[in-house]
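Novice: Take a look at the following structure, please.
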Amino acid sequence: MKTLLKTAAFATLVSASSIATAQTPEDNIQVVQDFFAAYGAGDLEGIAAVMDENVQWHIPGRHPLSGTKNGRDEVIAFFNQLGVAGFQADPIYFGADENYVIDIHRGWSNADGLPNVDTTWALVYRIENGRIVEATNLSADQDAANTFFWAQYQLGPIPERLAD
């Protein structure tokens with residue numbers, strides 16, 4: 001009987017601590033707004049602060065920056081490259097529940113002398129324990145995005161590109 005009571009007490013304690021760390025939709029939106037504030041300021045440390053160490057960030061398309069970025073370092077490297085290209089984002093809408101945030105934003109760049117992009121993006125963020133653990137980008141005009149990224153980022157020569 002004592003073991004059963006200890007187990008029940010432990011289950012209650014675990015349940016209570018889970019409630020204490022549960023994120024509200026408003027908390028989750030704040031995480032993404034903090035991300036946007038850091039991104040807008042070019043603050044890579046601020047971007048890293050809202051991401052889980054093992055974050056996955058999915059970039060659509062067929063261009064040098066597309067594909068899944070695994071881990072905080074790869075994601076930060078991606079955002080560093082967006083900054084080099086002058087890529088900017090203006091939030092339009094946020095919606096959330098206890099696990100996900102959806103943002104819709106204008107993503108654009110007007111770098112001199114190169115094809116640019118100005119389109120609507122939607123991102124689906126999965127939030128756990130106040131950190132972004134996964135994000136999936138969706139573009140309203142993937143062809144324009146592909147053209148922009150190919151104009152901005154050239155692949156290295158074959159020997160270096162294929163080396164480990």
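Novice: Considering only the range 81-103, I want to know if a residue exists there that is within 14 Å of the chain's Cα centre (by Cα) and of a type in the set (Ser, Thr, Tyr).
Specialist: Within the range 81-103, one or more residues are within 14 Å of the chain's Cα centre (by Cα) and of a type in the set (Ser, Thr, Tyr).
Novice: Anything in the range 92-107 that is in contact with a strand residue (DSSP E or B) (Cβ under 6 Å, 6 or more places away or on another chain) and surrounded by 16 or more Cβ atoms within 10 Å (Cβ to Cβ)? List them, or say none.
Specialist: Phe94, Val101, Ile102, Asp103, His105, Gly107
Novice: Could you tell me which residue of the range 108-143 is nearest to the chain's Cα centre (by Cα), considering only residues that are surrounded by 13 or more Cβ atoms within 10 Å (Cβ to Cβ) and more than 27 Å from Met51 (Cβ to Cβ)?
Specialist: Asn116
Novice: Since Glu134 meets every condition but one in (1) more than 24 Å from Asn28 (Cβ to Cβ); (2) in contact (Cβ under 8 Å) with a residue 40 or more places away in the chain; (3) in contact with a strand residue (DSSP E or B) (Cβ under 7 Å, 6 or more places away or on another chain), which condition does it not meet?
Specialist: In the conditions (1) more than 24 Å from Asn28 (Cβ to Cβ); (2) in contact (Cβ under 8 Å) with a residue 40 or more places away in the chain; (3) in contact with a strand residue (DSSP E or B) (Cβ under 7 Å, 6 or more places away or on another chain), Glu134 misses (1) alone.
Novice: Which numbered condition trips up Val55, out of (1) at pLDDT 90 or above; (2) among the hydrophobic types (A, V, I, L, M, F, W, C); (3) assigned to a helix (DSSP H, G or I)?
Specialist: Unmet for Val55, out of (1) at pLDDT 90 or above; (2) among the hydrophobic types (A, V, I, L, M, F, W, C); (3) assigned to a helix (DSSP H, G or I): (3).
Novice: Please specify each residue of the range 128-164 satisfying the condition of being farther than 21 Å from Ala38 by Cα and assigned to a loop (DSSP other than H, G, I, E, B).
Specialist: Answer for the range 128-164, where residues must be farther than 21 Å from Ala38 by Cα and assigned to a loop (DSSP other than H, G, I, E, B): Ala140, Asp141, Tyr153, Gln154, Leu155, Gly156, Pro157, Ala163, Asp164.
Novice: In the range 97-127, what residues are charged (D, E, K, R) and assigned to a strand (DSSP E or B)?
Specialist: Once the filter is applied, which keeps residues that are charged (D, E, K, R) and assigned to a strand (DSSP E or B), the range 97-127 yields Asp103, Arg106, Asp118, Arg126.
Novice: Report, by residue number, each residue of the range 35-72 that is out of contact with any strand residue (DSSP E or B) (no Cβ under 9 Å at 6 or more places or on another chain) and either buried (at least 18 other Cβ atoms within 10 Å of the Cβ) or without any contact (Cβ under 8 Å) to a residue 12 or more places away in the chain (or both).
Specialist: If the condition is that a residue be out of contact with any strand residue (DSSP E or B) (no Cβ under 9 Å at 6 or more places or on another chain) and either buried (at least 18 other Cβ atoms within 10 Å of the Cβ) or without any contact (Cβ under 8 Å) to a residue 12 or more places away in the chain (or both), then Ala37, Ala38, Ala41, Asp43, Glu45, Ile47, His63 are the ones that fit.
The values are calculated or read from the model by the stated rules, or taken from the named source; none is laboratory data. Because the structure is a prediction, the values reported are computed rather than measured. Glycine also receives a Cβ, built like all others from the backbone with ideal geometry; neighbour counts cover every protein chain displayed.
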